[in-house]
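See below for the structure under consideration.
The values are calculated or read from the model by the stated rules, or taken from the named source; none is laboratory data. The structure displayed is predicted, hence computed values, not measured ones. Cβ placement follows ideal geometry from the backbone for every residue including glycine, while neighbour counts extend to all protein chains displayed. SASA here: full protein model, heavy atoms, side chains in, ligands and nucleic acids out. Shrake-Rupley method; radii C 1.70, N 1.55, O 1.52, S 1.80 Å.
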Amino acid sequence: MTALVGALEIGGTHVSAGRVDAVRARIDPSGIHRFPLGAKSSRDELLGAISRAALEVALAEVARWGVAVPGPFDYARGVSKMRGLEKLDALYGVDLRDRLSRDLGVVPNQMQFVNDAQAFVLGEWWAGAAKGHPRAIGVTLGTGLGSGFLADGHFIVSGPDVPPEARLDLVPFRGSSVEDVISSRGIVAAFGDKVEVAEIAKRARDDKPKARAVFREFGSALGEFVGPWLDRFAPTCLVFGGSIARAWDLFADAFLDACPAAARLDRCGPADRLDEAPLLGAALYAVRGQSETP
């Protein structure tokens, strides 16, 4: 394997960058560099932040790059298709492969793009909670709902055991979009006050009844929604990522009560490498090359 691989994770609110030691399956000692991305930022502002993050970890010996980015996105071409999602809209139609390869001075075909939730579960399979599991599902909980399905470390993106495109966000829930309920905006809407999820979690840990009830209902809804896919895909591991996974202690009991299938898993819970997994997965995907394109 190439020793050092550059990795980026482009999220709804931030971009993270790190150099990955692909031999040891770990972030190298330079650590993770994180830059904010504003929802209403201009195209130039977003591209500037993404390039600055990448340049923080660029070295002459880093010739291969993996980029984890949410959909909709043309991963083969490296072109953003996000629009009307209130995140990264200004990147619509941008050829990120061309822009980043020019900024970094690397050959364009050495830069691979992968769905962020798929990168997350691949990273956890490589070096985290899903390591050694023959079948695993990763679910990311944050500004949206992401998912990845793995069998023997490879993406499963079609067939009767996974949702369309292996995307749980495309599956309706309670008569509408699942992200209306299972996402940060779903939690905020259920709380009924314009405060951040982190603040609601703080109040829940301070034993405020309203906040605790919101997280219990979130866990119950998540268990109800995910349960049928555990039955169909039959994983041995279910791992949660994204910012809301940090509040697992607040919704775990409700999730497990609503999801009997979880009791059959060997592992169920938050990621071991919550911040690192998407970067690790993006790097591994880049090392494997285009043959791994879902």
So which residues in region 114-127 are open to solvent by 10 Å² or more (accessible area, probe 1.4 Å) and aliphatic (A, V, I, L, M), if there are any at all?
A127
For region 49-58, state whether one or more residues are within 19 Å of Q112 (Cα to Cα), hydroxyl-bearing (S, T, Y) and open to solvent by 50 Å² or more (accessible area, probe 1.4 Å).
no
Taking D74, is it of a type in the set (D, E, K, R), over 21 Å from G289 (Cβ atoms), open to solvent by 10 Å² or more (accessible area, probe 1.4 Å) and within 21 Å of the chain's Cα centre (by Cα)?
no
Taking R26, is it basic (K, R) and farther than 28 Å from G93 by Cα?
yes
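Residues checked against (1) touching a helix residue (DSSP H, G or I) at 6+ places or on another chain (Cβ under 7 Å); (2) closer than 30 Å to I137 by Cα:
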{"site": "S42", "(1), (2)": "yes, no"}
{"site": "G48", "(1), (2)": "no, no"}
{"site": "E61", "(1), (2)": "no, no"}
{"site": "R64", "(1), (2)": "yes, yes"}
{"site": "L104", "(1), (2)": "yes, no"}
{"site": "Q112", "(1), (2)": "yes, yes"}
Flag for R232 being closer than 27 Å to G132 by Cβ and charged (D, E, K, R)
yes
Of all residues in region 222-252 being under 17 Å from G148 (Cβ atoms) and of a type in the set (F, W, Y), the one that is surrounded by the most Cβ atoms within 10 Å (Cβ to Cβ)
F240
Within region 162-182, work out how many residues are open to solvent by less than 70 Å² (accessible area, probe 1.4 Å) and free of Cβ contacts under 8 Å to residues at least 60 places away in the same chain.
9
L100 passes all but one of the listed conditions (1) touching a helix residue (DSSP H, G or I) at 6+ places or on another chain (Cβ under 8 Å); (2) without any contact (Cβ under 8 Å) to a residue 40 or more places away in the chain; (3) not β-branched (V, I, T); the exception is number (2)
Residues of region 208-267 being within 21 Å of T143 (Cα to Cα) and polar (S, T, N, Q), in sequence order, are S220, S243
Restricting region 253-276 to residues that are acidic (D, E) and touching a residue at least 60 places away in the same chain (Cβ under 8 Å), which is surrounded by the most Cβ atoms within 10 Å (Cβ to Cβ)?
E276
Taking the stated definitions as given, is V107 open to solvent by 70 Å² or more (accessible area, probe 1.4 Å) and either out of contact with any Phe, Trp or Tyr (no Cβ under 9 Å at 6 or more places or on another chain) or at pLDDT 95 or above (or both)?
yes
Would you please name the residue that is farthest from A198 (Cα to Cα), looking only at residues in region 128-148 that are open to solvent by 20 Å² or more (accessible area, probe 1.4 Å) and either in contact (Cβ under 8 Å) with a residue 60 or more places away in the chain or hydroxyl-bearing (S, T, Y) (or both)?
P134
Give the number of residues within region 188-206 that are modelled with pLDDT under 95 and hydrophobic (A, V, I, L, M, F, W, C).
1
Touching a residue at least 40 places away in the same chain (Cβ under 8 Å) and crowded, with 20+ Cβ neighbours inside 10 Å, is that true of I32?
no
